[in-house]
Amino acid sequence: MGSPAPHQVTTTGNHTGPTSSFTPPSFTVRNLPHLSDYLPQTGNHTGGGDQIAGALPSVPNPIDSNPYYRPSSTFYISPSDVVLSSILFDTTVANSNSDTTNDVQVASPLAYLRAGPRRIINFDPAMVRAAIVTCGGLCPGSNTVIRELVVGLHELYGVKDIYGIPMGYRGFYSADPIKLDPDSVHDWHKKGGTMLMTTRGGFDLEKIVDAIVKHGYNQLYVIGGDGTMRGALDIFKELKRRKLRICITGVPKTVDNDIGIIDRSFGFDTAVEVAQQAISAAHTEAESAVNGIGLVKLMGRSTGHIALYATLSSRDVDCCLIPEMNFYLYGKGGLFEFIDQRLKRKKHTVIVVAEGAGQELIARTESETLEKDPSGNPLFADIGVYLKKEFKKWWDQAHPGELFTVKYIDPTYMIRAVPPNASDNLYCTLLAHSAIHGVMAGYTGFVSGPINRNYGYIPLEDIAVTKNVVDTKDHTWAWVRSVTNQPDFGISED
């Protein structure tokens, strides 16, 4: 699907100067799972019937009769509306852009179905029984997503049976659901954490799906990070295998911003903003000491987005260390040489390090390297504590008897536990409403999110295998180095 004539460039001239027209390469539309893939549709406009199994109803969208919306002729999203995953092209090169999904390179850019309300939906709102769950670590905005899911389902579509699942995935089979309505969640967007409580682990596919069927849920809204999304994908596959009329969608949550394809995950903007407070404190401490170092460890297990954007936002940072970039301590071009030079010139220095950076420098036993948390993530050694110890050891050797101070700040729990800022609050609302519209239209096994600032629906299987990592060869990382003037930490010459 796409343009029939890729790579056509024509140049014209007029009184305003020459212009060029460019026909981009053809693109591939990514199929989105739908209940109709394995369930028949009734073809009528009546609801009722078994909402767990059986044929799909076709119902006019109740937003049509909502006095607050008054939908225009362009309000509803067409089934053919798509969002391109790539919008940068080289006009001199045919097929100048491509995409990778499921580790397979495709010759043309991918397109995803555009998110938003559909004119015909596949759920009778009176028969919907929705469940909302938060999993994994805390993240600013989780409560806003919950609130907007509840309010959106209730006010836009008239859904009354909405339940919160406490304790993460294990709550499906080990805890009582919590009835939710707009009144009970009215101020949740002002609170940090998650009012539903959360845990890591506890994923037992059979128990979870059996509990979903037992409670009669036919819509599932799963809020979590990459591990949670992989769990949601497994649930989707099991629901499909059993041919159940149950939709599941994921709302991507991670302050690390490591979920791929979408522009960003919620909570990230807030994390960068709050990180400024820690960096500012570290700068004050370092500047007020003799040969002072302010060391700040920020979240970022496999990606360094928070450290990167906090560095660019602060301008007080002298060196930014991220997982995507190896570095070394001793020798020419190493971190210690850089710190020594910076202290001689500025009398203080501020270093920001992502939690996943430099793990290869820390000596650990084989069993320690294999340890994992309940979510299955590798347990990392504390790079902040390690660097603080190594800084003091190096200074005592290189500058014996001279004054030196390291102030180490780890704001991890302060950052992830705060309420969302205005940007994330708005973003969470758009994510929640996009998810609702997709599920009501019968789509399942997907994630909603902005793709080049336009909201689209992305299959869970794409999200589960795609990472958003910092490209240390792009302009953004070059900007970091221009701000900090830090070395590129190539191979040590010693």
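The values are calculated or read from the model by the stated rules, or taken from the named source; none is laboratory data. Being a predicted model, the structure only gives us computed values, none of them experimental. Note that each Cβ is placed from the backbone with ideal geometry, even for glycine, and that neighbours are counted across all protein chains shown. Note: areas computed on protein heavy atoms with side chains; ligands, DNA, RNA excluded. Shrake-Rupley method; radii C 1.70, N 1.55, O 1.52, S 1.80 Å.
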query: Before we move on, is residue 467 of a type outside the set (A, V, I, L, M, F, W, C), open to solvent by 70 Å² or more (accessible area, probe 1.4 Å) and closer than 21 Å to residue 334 by Cα?
result: no
field: Extreme residue, modelled with the lowest pLDDT, among residues of region 83-119 that are part of a strand (DSSP E or B) and open to solvent by less than 40 Å² (accessible area, probe 1.4 Å)
entry: 106
query: Is region 435-446 home to any residue that is touching a helix residue (DSSP H, G or I) at 6+ places or on another chain (Cβ under 9 Å), open to solvent by 20 Å² or more (accessible area, probe 1.4 Å) and within 21 Å of residue 256 (Cα to Cα)?
result: no
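Here's the yes/no breakdown for (1) of a type in the set (Val, Ile, Thr); (2) open to solvent by less than 40 Å² (accessible area, probe 1.4 Å); (3) free of Cβ contacts under 8 Å to residues at least 12 places away in the same chain:
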{"position": "383", "(1), (2), (3)": "yes, yes, no"}
{"position": "391", "(1), (2), (3)": "no, yes, no"}
{"position": "394", "(1), (2), (3)": "no, yes, no"}
{"position": "400", "(1), (2), (3)": "no, no, yes"}
{"position": "411", "(1), (2), (3)": "no, yes, no"}
{"position": "415", "(1), (2), (3)": "yes, yes, no"}
{"position": "418", "(1), (2), (3)": "yes, yes, no"}
{"position": "422", "(1), (2), (3)": "no, no, yes"}
field: Selection count, region 365-409, where residues are within 18 Å of residue 286 (Cα to Cα), of a type in the set (A, V, I, L, M, F, W, C) and part of a helix (DSSP H, G or I)
entry: 5
query: in contact with a Pro (Cβ under 8 Å, 6 or more places away or on another chain), surrounded by fewer than 20 Cβ atoms within 10 Å (Cβ to Cβ) and outside any helix (DSSP H, G or I): does that describe residue 202?
result: yes
query: Residues 476, 472: which one is in contact (Cβ under 8 Å) with a residue 40 or more places away in the chain, assigned to a helix (DSSP H, G or I) and among the β-branched types (Val, Ile, Thr)?
result: 476
task: Please state which of the following conditions residue 51 fails to meet, knowing it meets all the rest: (1) crowded, with 17+ Cβ neighbours inside 10 Å; (2) in contact with a helix residue (DSSP H, G or I) (Cβ under 7 Å, 6 or more places away or on another chain); (3) modelled with pLDDT of 85 or more.
output: (3)
query: Given the conditions (1) outside any helix (DSSP H, G or I); (2) more than 20 Å from the chain's Cα centre (by Cα); (3) free of Cβ contacts under 8 Å to residues at least 60 places away in the same chain, and given that residue 214 satisfies all but one, which numbered condition is not satisfied?
result: (1)
- prompt: Do any strands (runs of 3 or more DSSP E) lying entirely in region 245-360 carry at least 3 residues that are of a type outside the set (Gly, Ala, Ser), open to solvent by 20 Å² or more (accessible area, probe 1.4 Å) and at pLDDT 95 or above, and which ones are they?
  reply: none
- prompt: Pick from region 170-194 the residues that are in contact with a strand residue (DSSP E or B) (Cβ under 8 Å, 6 or more places away or on another chain) and surrounded by fewer than 18 Cβ atoms within 10 Å (Cβ to Cβ): which of them is nearest to residue 435 (Cα to Cα)?
  reply: 181
- request: Kindly provide the set of residues from region 120-154 that are open to solvent by 10 Å² or more (accessible area, probe 1.4 Å) and free of Cβ contacts under 8 Å to residues at least 40 places away in the same chain, ordered by number.
  value: 151, 154
- request: Among the numbered conditions (1) buried (at least 21 other Cβ atoms within 10 Å of the Cβ); (2) closer than 21 Å to residue 158 by Cβ, tell me where residue 208 comes up short.
  value: (2)
